[in-house]
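The values are calculated or read from the model by the stated rules, or taken from the named source; none is laboratory data. The model shown is predicted, which means the values in this text are computed figures rather than measured ones. All Cβ positions, glycine included, derive from the backbone under ideal geometry; neighbour counts span all protein chains shown.
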């Protein structure tokens, strides 16, 4: 019965909440509108938007030495997660089962390596958030819940990697469904908002002819 | 013609019976010869030598079992140890695991845990003499604390999953049943094998972060003879006392032994044979059990055993009274450098590279 619930109705609910939540969140952001800039533009907003998006992938040289730890750990986690999520064989097969669309997965050893890198990166970031007095002060419950949920999803996935026990696969899937329901209402939405956010700042300053 | 039909019928019947008797006796003779003929060489040898003769097949199986020396045969399979039919050492390894590692490991871990609980019940928490002063000293920077807790998390995931693999059949099967335990064991094995390589990174980071203050120095032997103050009054110490230094080197050496043996076991594609796996498992098992047992002492002293210890690894700061009581030589260095924070100084300077106090000890 648990299998039918987790593979059936819970998955449907989680998927609807996830997709509808993201669309609703993005619509809410884009329909807020922006104040019209009456000044004569001195540069291109579009170029500013694109350049800022690219430049924010590496830290500004003035602050780089101070945030090296967060940048390195952050990239370890995000790059590892990207490979894991989209190119791990069980995930590729899962997407192919539900959508019919598939692609070539990475070899299992790369999958394992990506997992280790992503897990280490996330653990380091979570420890930094807990141990640094600055981030401890500015962190809210949502910051911890999001990190811990992602960690649980990854850990449960590791436990089920052998693909020998249905119970472990169901536990992993249940964790994923919880994360999908939580996702649109949390700071994890940065996954979809970081591009428009950087783009807005870049466009605004780009119109004013300022390089940021 | 004298032969009547009745006579012919009678003759035919008798002949048939005779033929049947011949066939039966021939068959029985054949069986008897099959059983008796192979024994003739033994009988001859017995008569000739006057003693029992071993089964000639025993020579073959002795060579196969490698009682006298390892004999490598030839097979079509082209991998390490493919030519060894039976690995006699495998039984020795199995007996070591079942009769030595498992019971003695349980005694060591359980014994040390029991002693610690007994010590706590008798002695209680070691309080700060005279209470807290309110003045703070930065003991561990943010980087040091992150490296420590990262190692702790990875170590305990591996320790628990390893203990489930070693003792699960005795402890968990009665609780979860065989099916429940098989799921738990599979999950533990995956967690252990996948996260194991990360422990190497953690141990190396721990080594390079803490090594510079962990070389044995003047005063460490005296600290040991006083058992850290348990015998014979105050024991002087620098930033790290002799007990902490011993734990550091044990953790690094045992940790590296665990990592090297673990990698050999986790990646069987470097041409390792059975003997290498067996020795790796022995090293891995002994190192793990010793490290887990000794870590209980470290955990006890860092938490309930000593007032004011845990906050050094959570906030980075210790009370000045704590520093003076347990690490007096380090306290003197810090006091002379003017690095004692008075009550009310900003919390945000703690252990972060931007803080002036932390910068001198920051590993950024």
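Where helices (runs of 4 or more DSSP H) fall wholly inside segment B:268-333, no range has 1 or more residues that are within 14 Å of chain A (Cβ to nearest Cβ) and more than 28 Å from residue B:156 (Cα to Cα). Residues in segment B:227-247 that are out of contact with any helix residue (DSSP H, G or I) (no Cβ under 6 Å at 6 or more places or on another chain) and either assigned to a helix (DSSP H, G or I) or outside the structural domain of residue B:206 (by TED's automatic domain parsing) (or both): B:227, B:229, B:244, B:245, B:246.
Run down B:110, B:131, B:114 and say which single residue is exposed (fewer than 13 other Cβ atoms within 10 Å of the Cβ), within 21 Å of residue B:344 (Cβ to Cβ) and either away from chain A (no Cβ under 14 Å) or more than 22 Å from the chain's Cα centre (by Cα) (or both). Answer to the selection: B:131. Just one of the listed residues (B:40, B:107, B:72, B:31) is assigned to a loop (DSSP other than H, G, I, E, B), out of contact with any helix residue (DSSP H, G or I) (no Cβ under 8 Å at 6 or more places or on another chain) and at pLDDT 70 or above, and it is B:72. Taken over segment A:46-77, the criterion of being assigned to a helix (DSSP H, G or I), more than 14 Å from chain B (Cβ to nearest Cβ) and exposed (fewer than 14 other Cβ atoms within 10 Å of the Cβ) is satisfied by A:46, A:47, A:54.
Specify the residue that is surrounded by the fewest Cβ atoms within 10 Å (Cβ to Cβ); the eligible residues are those in segment B:190-215 that are away from chain A (no Cβ under 14 Å) and part of a helix (DSSP H, G or I).
B:212
With respect to the conditions (1) in a helix (DSSP H, G or I); (2) in contact with a helix residue (DSSP H, G or I) (Cβ under 9 Å, 6 or more places away or on another chain), residue B:129 falls short on a single one, namely (1).
Exactly one residue among B:169, B:218 is assigned to a helix (DSSP H, G or I) and either more than 14 Å from chain A (Cβ to nearest Cβ) or out of contact with any helix residue (DSSP H, G or I) (no Cβ under 7 Å at 6 or more places or on another chain) (or both), and that residue is B:169. Among the candidates A:180, A:189, A:204, A:154, the residue that is touching a residue at least 40 places away in the same chain (Cβ under 8 Å), surrounded by fewer than 20 Cβ atoms within 10 Å (Cβ to Cβ) and either within 14 Å of another protein chain (Cβ to nearest Cβ) or within 18 Å of residue A:23 (Cα to Cα) (or both) is uniquely A:189. A single member of A:168, A:124 is surrounded by 21 or more Cβ atoms within 10 Å (Cβ to Cβ), within 27 Å of residue A:107 (Cα to Cα), more than 21 Å from the chain's Cα centre (by Cα) and within 10 Å of chain B (Cβ to nearest Cβ), and it is A:168.
The set of residues in segment A:101-113 that are within 11 Å of chain B (Cβ to nearest Cβ) and under 22 Å from the mean Cα position of the chain (by Cα) comprises A:111, A:112, A:113.
Is there a residue being surrounded by 14 or more Cβ atoms within 10 Å (Cβ to Cβ), more than 14 Å from every other protein chain (Cβ to nearest Cβ) and under 30 Å from residue B:207 (Cα atoms) anywhere in segment B:139-158? No, every residue in segment B:139-158 fails to be surrounded by 14 or more Cβ atoms within 10 Å (Cβ to Cβ), more than 14 Å from every other protein chain (Cβ to nearest Cβ) and under 30 Å from residue B:207 (Cα atoms).
With respect to the conditions (1) more than 10 Å from chain B (Cβ to nearest Cβ); (2) surrounded by fewer than 19 Cβ atoms within 10 Å (Cβ to Cβ); (3) without any contact (Cβ under 8 Å) to a residue 24 or more places away in the chain, residue A:142 falls short on a single one, namely (3).
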